[in-house]
Amino acid sequence: MTHVDHRLTENFLAFADGAKAVVATAMVACDASMTKAEVAISVHGDYKHQGVAWELLRHIARYASAQGVEVLESIESRENHDAIELEREQGFVAMTYPDDPTLILIRKELSGSK
């Protein structure tokens, strides 16, 4: 998830009102068939618990659905309770991550896909 090509991958930045600094970033990376994608979000510590990640995840889900993606996934540390709860609130389902008990696979079936 380091290369943005604006077809299979896209990156979104969030800025605070009037701020010149980035307060969050979100990336979506689709598989070659554009049916499954992974999302990763990072929020600056000073802006956590202010709804930034919530809105970025909603935006990514809408964007992915509009691109025809059917499944959106995220890989989380089991210790990242805030992210897991946020994703569950938005309809994602948590499941065991294969071969690594320290991780959780978070998955959501998207509606409105092509």
Top-ranked residue in region 29-44 [being within 21 Å of residue 111 (Cβ to Cβ) and of a type in the set (S, T, N, Q); ranked as farthest from the chain's Cα centre (by Cα)]: 33
Odd one out for residue 10 among (1) under 15 Å from the mean Cα position of the chain (by Cα); (2) loosely packed, with under 14 Cβ neighbours inside 10 Å: (2)
Selection count, region 66-114, where residues are under 20 Å from residue 56 (Cβ atoms) and aromatic (Phe, Trp, Tyr): 1
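Residues being acidic (Asp, Glu) and part of a loop (DSSP other than H, G, I, E, B): count how many of those fall in region 9-50.
Pass one, region 9-50, residues acidic (Asp, Glu): 10, 17, 31, 38, 46.
In the following step, the residues that additionally are part of a loop (DSSP other than H, G, I, E, B) were identified as 17, 31.
Adding up the residues that qualify gives 2.
Identify the residue in region 54-79 that is aliphatic (A, V, I, L, M) and within 13 Å of residue 92 (Cβ to Cβ) and, among all such residues, is surrounded by the fewest Cβ atoms within 10 Å (Cβ to Cβ). Working first, answer last.
Step one: of region 54-79, the residues aliphatic (A, V, I, L, M) are 56-57, 60-61, 64, 66, 69, 71-72, 75.
So of that shortlist, the ones also within 13 Å of residue 92 (Cβ to Cβ) come out as 57, 60-61, 64, 71-72, 75.
Details: 57: 22, 60: 22, 61: 22, 64: 24, 71: 15, 72: 26, 75: 13.
Ranking the qualifying residues of region 54-79, first place goes to 75.
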Close pairs from region 9-27: first without any contact (Cβ under 8 Å) to a residue 12 or more places away in the chain, partner of a type in the set (S, T, N, Q) and surrounded by 15 or more Cβ atoms within 10 Å (Cβ to Cβ), Cβ under 9 Å, at least 6 apart: none
Pair list, Cβ < 7 Å and 6+ apart or interchain, from region 57-80 residues that are farther than 21 Å from residue 7 by Cβ and in a loop (DSSP other than H, G, I, E, B) to residues that are modelled with pLDDT of 95 or more and among the hydrophobic types (A, V, I, L, M, F, W, C): 78/103; 78/104
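The values are calculated or read from the model by the stated rules, or taken from the named source; none is laboratory data. Note that the structure is predicted; figures quoted are calculated from it, not measured. Methodologically, a virtual Cβ is constructed for each residue, glycine included, from the backbone with ideal geometry; neighbour enumeration extends over all protein chains shown.
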